[in-house]
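The values are calculated or read from the model by the stated rules, or taken from the named source; none is laboratory data. Computed from a predicted model, the values in this text were never measured in an experiment. Cβ sites come from the backbone with ideal geometry, for glycine too, and all protein chains shown count toward neighbours.
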Amino acid sequence: MKSVNKPIKKIDSMQLVTGQPVYTEDIAPSNCLVVKLLRSPHANAIIKSINTDIAKKVSGIEAVYTYKDIPEDARRFTLAGQTYPEPSPYDRLLLDKHVRYVGDVVAIVAGADEKCVNKALKLIKVEYEVLEPVLDFHKALDNKILVHPEDNWESLCPVGADNKRNLCAHEVCENGNVEEVLKSCDIIIDRVYHTRANQQTMMETFRTFCTIDTYGRLNVVSSTQIVFHCRRIIANALGIPKSKIRVSKPRIGGGFGAKQSSVSEIYPAFVTWKTKKPSMLIFSRNESMTASSPRHEMEMHVRLGAMNDGTIRAIDLYTLSNTGAYGEHGPTTVGLSGHKSIPLYGKCEAFKFSYDVVYTNVMSAGAYRGYGATQGLFAVESAVNELAHKFSMDPFDLRKKNIIHEGDVMPAYYNEANTSCALDRCLDRVRQMSNWDNKYPYKKISGTKIRSMGMGMAMQGSGISGVDVGSATIKLGDEGIYNLIIGAADMGTGCDTILAQIACEVLDCPLEQISVSGADTDNSPYDSGSYASSTTFVTGKAVELCAIELRERICKVGAKLLNCKENETEFNGNAVVCTADNSSVSLEDIATSSMCGNDIALEVTRSNTSPTSPPPFMVGAAEIETDIETGETLVVNYYAAVDCGTPINPNLARVQAEGGILQGIGMVLTENITYDSKGKLFENSLMQYKIPTRMDIGKISVEFESSYEKRGPFGAKSIGEVVINTPLPAVTDALFNATGHRFTTLPVTPEQIAMNMDKNK
């Protein structure tokens, strides 16, 4: 391979390090109306009256919109970036008389500058009928207080939703008789685990600007992962055809799933469509923390049955998920908590996975890297670690005895076959990397400090099987330069580089010969978007197929120019050669000739979907240092081995893994979302919400144990999400080995550690 599996630097790396990239705000017209949102101070309330007269009189104010400006018969919609028909319920209006969490939108204000808009916001007078909120998700189901009592609430897909029960989704799936198998097990681990919501905290907050183009169409430029889904969401919110809307993305300053929901787009879109003037909305950091789309809070009840020899025979998992005030991604995230954790244990004779997703009057949750698998793997892997302790068995040995292997069918993973798997080698690699046998379980290094070890493993997916569509267009320019046009969204992940490498491998050219552009609903071929770990596997395969066909067309034009048969030609990246007489014509000459007297288009578009979602696998081990007096805990070393198939770019894959591991460590030790008794969020800035920095951890070591996935481009699977999942069980097991206490609720704070410290350690 010349390009694939090579540590090629990102195509935009020099731009990034020299401060040249431009983002949404940088390219917005200078005359954009400033758009800001008036938000509810109450968790559950009905707007009795709203007076905007004085606000409208402020100099520079263009418009003030309230629920009165929305048609009474308007259809509800969802902000979730999902393929139609969306599993998430249609439960939103652009502006609603009923506000459902502290931060819900009450009014839209648009004006000439920030000063006048801020003044107008303070002059809007609102009278509320304050209602009792549902804040505890344990009490939401069948509560007399309904978050969505309205009759025009819709669920387009049969996900078990019922708004009259505060139920966003419900399902039970099983294989075998769990109860009967559990009865015959020697030991049962029965635990409840709780993970609170988490913020994505991407560097660039939500932001969008809109204009009206020459043809009267609404042009939306936004920091989004989902240009095509975003177009549909805006069309639904405004009640206009999708043909009247164009959505494009510039460079994105991070997303991590937050921008898989159209959090900001509908409001400036509404302003511009109404006024026909450019407008822009930029979320403050406070708004991005209090009115966005964080990870779902979940509680998982695990029952795990095993025999005395360590064979795991049955797993029963019930997940309760808190979707908040609206149902974005609620029905889909919860499924991964079971379907991406239970299948790891291939010797399991029976499983049962059930869940409820409930509405509450807190900020609605959304997509975040790991997408529910993170929560479920914390629960199941922690239970397995506890099982290993009960047996006085090494947790690596216990897993080697029970793991899924290549070729096995996975009943808990939609009965898919495990077509590529190096999980056993990942276990061996991490054990060796970490010097596990000499460090586990713990060592005292001073009078007050303990070094301890813990581990966990994980799986994820590669796109949504049978749903996600990836597409690519490649065309040969008249100077022999290729243009790769995609609908996927590079948000710092390096997918522009990775997709270009795949094309280069087929077209036998250097990376400099390919220019990448996208995503734009007018110019890009349809792509579901960059989420669900789909880009490399799904869109990457489309790029490979596209390049193969273009290569064939280049040979066809070359044969015509050389007066030989097509099957007598070869393409070496620079020229088409006739094997019969060794004559040749350069790629540049082929490109030039295509402009005159030619009927063979040197442009190809291919789409790709996959009936399966081959899982990547990962094993991680945490080495932590805990102060028994203060509870302060530092991750000194983190060791990881990843099976992502063939890493298209090992450097970018490693960076993905390191970033995901750091986020997982933050989820375990520092990141927390809490509310007061009235539903107001405490952690509303980065002063209160503590994300880990590079200074807060020691060394992260990542290696690859590659399998080969035949359905992926050059054997590749995904890597974007699996990498966040192992720190949760690994760090908490290390904490158990340090303290003697099982921590089942995240995050684990220094106070909790100090209070539960086994002083005999």
Legend entry - Residue list for the range 94-105, filter: surrounded by fewer than 24 Cβ atoms within 10 Å (Cβ to Cβ), touching a residue at least 40 places away in the same chain (Cβ under 8 Å) and either part of a loop (DSSP other than H, G, I, E, B) or of a type in the set (A, V, I, L, M, F, W, C) (or both): LEU94, LYS97, VAL105
Inset, instruction - Determine if the range 446-462 includes at least one residue that is over 25 Å from ASN725 (Cα atoms) and touching a strand residue (DSSP E or B) at 6+ places or on another chain (Cβ under 6 Å). - result: yes
Inset, instruction - Scan the range 272-286 and give yes if some residue there is surrounded by fewer than 21 Cβ atoms within 10 Å (Cβ to Cβ) and closer than 19 Å to THR195 by Cα, otherwise no. - result: no
Legend entry - Yes/no for ASP478 being surrounded by 23 or more Cβ atoms within 10 Å (Cβ to Cβ), assigned to a loop (DSSP other than H, G, I, E, B) and in contact with a helix residue (DSSP H, G or I) (Cβ under 6 Å, 6 or more places away or on another chain): no
Inset, instruction - Report yes if some residue within the range 651-660 is of a type outside the set (S, T, N, Q) and more than 30 Å from ILE11 (Cα to Cα); otherwise report no. - result: no
Inset, instruction - Test TYR101 against the stated conditions and say whether it is closer than 17 Å to LEU238 by Cβ and within 24 Å of the chain's Cα centre (by Cα). - result: no
Inset, instruction - Considering only residues that are in contact with a Ser or Thr (Cβ under 7 Å, 6 or more places away or on another chain) and not polar (S, T, N, Q), look in the range 668-685 and name the one that is nearest to ASP733 (Cα to Cα). - result: VAL668
Inset, instruction - Quick one: which strands (runs of 3 or more DSSP E) lie wholly within the range 570-639 and hold at least 3 residues that are surrounded by 19 or more Cβ atoms within 10 Å (Cβ to Cβ)? - result: 575-578, 603-608, 617-627
Legend entry - Answer residue from the range 626-656, given it is of a type in the set (Gly, Ala, Ser) and under 20 Å from ALA734 (Cα atoms) and is farthest from the chain's Cα centre (by Cα) among those: GLY631
Inset, instruction - Would you mind telling me which numbered condition in (1) in contact with a helix residue (DSSP H, G or I) (Cβ under 6 Å, 6 or more places away or on another chain); (2) without any contact (Cβ under 8 Å) to a residue 60 or more places away in the chain ASP490 fails? - result: (2)
Inset, instruction - Please go through the range 47-66 and pick out each residue that is assigned to a helix (DSSP H, G or I) and of a type in the set (Lys, Arg). - result: LYS56
Inset, instruction - Could you tell me which of the residues MET453, MET457 is within 26 Å of THR744 (Cα to Cα), crowded, with 17+ Cβ neighbours inside 10 Å and touching a Leu at 6+ places or on another chain (Cβ under 9 Å)? - result: MET457
Legend entry - Candidates VAL668, VAL723 - the one that is within 30 Å of LYS390 (Cβ to Cβ), in contact (Cβ under 8 Å) with a residue 24 or more places away in the chain, touching a Leu at 6+ places or on another chain (Cβ under 9 Å) and not basic (Lys, Arg): VAL668
Legend entry - Hey, GLN432 in contact with a His (Cβ under 8 Å, 6 or more places away or on another chain) and either at pLDDT 95 or above or assigned to a helix (DSSP H, G or I) (or both) or not: no
Inset, instruction - Give the residues of the range 407-429 that are out of contact with any helix residue (DSSP H, G or I) (no Cβ under 6 Å at 6 or more places or on another chain) and in a strand (DSSP E or B), sorted by residue number. - result: VAL409, GLU416, ALA417
Legend entry - Residues (β-branched (Val, Ile, Thr) and not in a loop (DSSP other than H, G, I, E, B)) located in the range 136-154: none
Legend entry - Top-ranked residue in the range 656-694 [being among the small types (Gly, Ala, Ser) and in a loop (DSSP other than H, G, I, E, B); ranked as surrounded by the fewest Cβ atoms within 10 Å (Cβ to Cβ)]: SER677
Inset, instruction - Return a yes/no flag: does the range 380-402 have any residue that is surrounded by 24 or more Cβ atoms within 10 Å (Cβ to Cβ), in contact with a Pro (Cβ under 8 Å, 6 or more places away or on another chain), within 24 Å of GLY81 (Cβ to Cβ) and not assigned by TED's automatic domain parsing to the domain that holds GLN663. - result: no
Legend entry - Any pair with Cβ under 6 angstrom, 6 or more apart, that starts in the range 42-61 at a residue that is more than 20 Å from CYS32 (Cβ to Cβ) and ends at one that is among the polar types (S, T, N, Q): ALA43/ASN361; ASN44/ASN361; ILE50/THR66
Legend entry - Cβ pairs under 9 Å, 6+ apart, first in the range 437-455 and in the same structural domain as PHE378 (by TED's automatic domain parsing) and part of a strand (DSSP E or B), second surrounded by fewer than 16 Cβ atoms within 10 Å (Cβ to Cβ) and aliphatic (A, V, I, L, M): none
Inset, instruction - Working carefully through the options GLU86, GLU129, find the one that is touching a residue at least 12 places away in the same chain (Cβ under 8 Å) and under 24 Å from LYS259 (Cβ atoms). - result: GLU86
Legend entry - Where ALA373 falls short, out of the listed (1) small (Gly, Ala, Ser); (2) crowded, with 24+ Cβ neighbours inside 10 Å; (3) touching a Phe, Trp or Tyr at 6+ places or on another chain (Cβ under 9 Å): (3)
Legend entry - Residue count, the range 38-93 (criterion: touching a Gly at 6+ places or on another chain (Cβ under 6 Å), surrounded by 18 or more Cβ atoms within 10 Å (Cβ to Cβ) and farther than 29 Å from PHE682 by Cα): 2
Legend entry - Residue among SER701, SER707 that alone is under 23 Å from VAL619 (Cα atoms), touching a strand residue (DSSP E or B) at 6+ places or on another chain (Cβ under 6 Å) and part of a loop (DSSP other than H, G, I, E, B): SER707
Inset, instruction - Quick one: in the range 313-353, of everything that is within 19 Å of ASP186 (Cα to Cα) and among the acidic types (Asp, Glu), which residue is surrounded by the most Cβ atoms within 10 Å (Cβ to Cβ)? - result: ASP316
Legend entry - Inter-residue pairs, beta-carbon under 6 Å, first on the phi > 0 side of the Ramachandran plot and in the range 696-716, second among the small types (Gly, Ala, Ser) and surrounded by fewer than 19 Cβ atoms within 10 Å (Cβ to Cβ), 6+ apart: none
Legend entry - Scope the range 726-746; condition assigned to a helix (DSSP H, G or I) and either of a type in the set (A, V, I, L, M) or not assigned by TED's automatic domain parsing to the domain that holds GLY659 (or both); matching residues: LEU728, ALA730, VAL731, ALA734, LEU735, ALA738
Inset, instruction - Could you check how many residues of the range 1-36 are under 30 Å from TYR67 (Cα atoms) and surrounded by 20 or more Cβ atoms within 10 Å (Cβ to Cβ)? - result: 7
